[in-house]
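Below: the structure, in structure tokens.
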Amino acid sequence: MISTLPSPALSDRFLTWWWRRGWRGFHTLRRLRSSSRLLVRTPYGSVFSLDPVAYIDGIVLREGYYESEVFEALRPFLGAGSVFWDIGGNFGLHAVTAKLLAPETQVFAFEPNPSMIAEIQANARLNGVDVAVQPVALAESAGPRTFHVNDQGNAGMSTLHAWSGGHYDRQITVECARGDELVRTSRVPVPTVIKLDVEGGEPGVLAGLGALLRRPELRALVFEAVSGLAQAPDTDPIAGPLRAAGFRFAPLARREHSAHPLDNYLATRPA
């Protein structure tokens, strides 16, 4: 399948090469093209249409991938019989790559931002894979809520939970849902592996999973949280529910150069 994917044009490859060297004049050259986006192939073989001005896109252009430690932690849990929930899908980097490399996996991307939904769908088409996009924000309760959108720079910072130091370009109303209710109503199957990155909304997502956290089918979660979470007390809104469900977790070493005060963790149950 990978060999039949579209190949980045010579101009895309040239501009990516220029970008990775940090040379001046990149944006001037880019403006000479009919499209401002670049087609880039990751080290995993997946292909994405990227905007160099966007934070995560720029890191993928420069280093080949973003948070590859997250994907490497997920990878052993993908394959036949697996159900992967990508909660906070962004433009589909992990969801599309997972489906491409492990096509037997059922992949569900949860993303409430309409512009990111469109990017996931476009990137899935580029790679010839089927990613089931769920246009909701998972939370502790269902219903409409305000979603704070960052259009300029890092769309991955868009969130239900605005923080005082953040920048947001606009607000939209999105639909929220509990994960356990989506399973109960057969909208999605029980997950076997989850990636969770929702910019401060992680406690709400875990609360909304309810008894799903204890289901034996759920073998692993990869999530983002504050540094030092492994030493946090059981009253912590992330550490507590995971420990109560039998999970133990450890931080993942970052592999790309992204300035970040948070850590990624892999949570699994002891055999």
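Annotations
- Among the candidates Ala230, Ala225, Ala271, residue that is in a strand (DSSP E or B) and within 21 Å of Glu72 (Cα to Cα): Ala225
- Filtered by the rule that a residue be of a type in the set (A, V, I, L, M, F, W, C) and not in a helix (DSSP H, G or I), segment 233-250 gives Ile238, Ala245, Phe247, Phe249, Ala250.
- Candidate set: segment 141-169, residues that are more than 30 Å from Ala211 (Cβ to Cβ) and touching an Asp or Glu at 6+ places or on another chain (Cβ under 7 Å); chosen: the one modelled with the lowest pLDDT: Met157
- Residue that is surrounded by the fewest Cβ atoms within 10 Å (Cβ to Cβ) [pool: residues in segment 97-126 that are of a type outside the set (Gly, Ala, Ser) and closer than 23 Å to Tyr265 by Cβ]: Leu101
- Residue match in segment 55-73 (condition: buried (at least 22 other Cβ atoms within 10 Å of the Cβ), in contact with a Lys or Arg (Cβ under 8 Å, 6 or more places away or on another chain) and within 30 Å of Ser186 (Cα to Cα)): yes
- Phe108 vs. criteria of a type in the set (Phe, Trp, Tyr) and closer than 30 Å to Ser7 by Cβ: yes
- Set side by side, the residues Arg219, Arg178 differ, and just one is surrounded by 18 or more Cβ atoms within 10 Å (Cβ to Cβ), touching a residue at least 40 places away in the same chain (Cβ under 8 Å) and within 19 Å of the chain's Cα centre (by Cα), which is Arg178.
- Single match in Ala122, Ala73 (criterion: part of a helix (DSSP H, G or I) and within 21 Å of Thr4 (Cα to Cα)): Ala122
- Selection of segment 125-181 for residues being hydroxyl-bearing (Ser, Thr, Tyr) and outside any strand (DSSP E or B) yields Ser141, Ser158, Ser164, Tyr168.
The values are calculated or read from the model by the stated rules, or taken from the named source; none is laboratory data. What you are looking at is a predicted structure, and each value in this text was computed from that prediction instead of being measured. Note that each Cβ is placed from the backbone with ideal geometry, even for glycine, and that neighbours are counted across all protein chains shown.
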